[in-house]
1. Residue-wise, which Karplus ³J(HN,Hα) couplings in Hz belong to region 35-49, taking 6.51 cos²θ - 1.76 cosθ + 1.60, θ = phi - 60°, and x for glycine or proline?
2. Assuming 0.36 nm per residue, please report the length gained on full extension of the stretch VAL96 to LEU55 beyond their Cα-Cα distance.
3. Each residue of region 52-63 in turn: what ³J(HN,Hα) in whole Hz from Karplus with 6.51, -1.76, 1.60 and θ = phi - 60°, glycine and Pro shown as x?
4. Over the alpha carbons of region 11-69, what is the largest minus smallest coordinate on each principal axis, giving the biggest first in Å?
5. Using each residue's phi in region 10-25, evaluate 6.51 cos²θ - 1.76 cosθ + 1.60 at θ = phi - 60° and report the 3J(HN,Hα) Karplus result to the nearest Hz, with x for Gly and Pro.
6. Please sort 24-31, 41-48 by packing, taking for each peptide the average over its residues of neighbouring beta carbons within 10 angstrom, highest first.
Amino acid sequence: AWRLWKEENPMKLVDACLEDTFTISEVLRCIHIGLLCVQLHPEDRPNMASVILMLTNENTLPQPKEPGFLIERTPIIEEQSSSKNMTNSSTNEVTVTLLDAR
């Protein structure tokens, strides 16, 4: 999202199956607000009351800064990819708790 925003092409984030079922200005505003919510420093992020105000009015929004978590794709070096010791998986140690009503 950040990369597409910086390249001035954020509409590539919208699923093609939605076609013309949305207002472009509203989508751009939502993307903009989403990027403001993931900035590196907490003091740069809007609180929920501010987010609601941003979503419900047309005031000018501050420009987002680079997100705190950004995944950059790097090319795989050929000698690394041919290594037999490489593992292409990770362990997810998430516990799911289901609540039952009494």
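1. My calculation for region 35-49 gives 5, 5, 6, 10, 5, 4, 8, x, 5, 8, 7, x, 7, 5, 4 Hz in order.
2. Difference between extended and current length: 11.5 nm.
3. Ordered by residue, 3J(HN,Hα) equals 4, 5, 5, 6, 9, 9, 9, 4, 5, 9, x, 6 Hz.
4. 36, 27, 16
5. x, 5, 5, 6, 7, 5, 4, 5, 6, 6, 9, 8, 9, 9, 4, 4
6. 24-31, 41-48
Where a number appears in this text, it was derived from the coordinates with a stated rule and is not lab data. Computed from a predicted model, the values in this text were never measured in an experiment. Please note: Cβ atoms are built from the backbone with ideal geometry, for glycine as well, and neighbour counts cover all protein chains shown.
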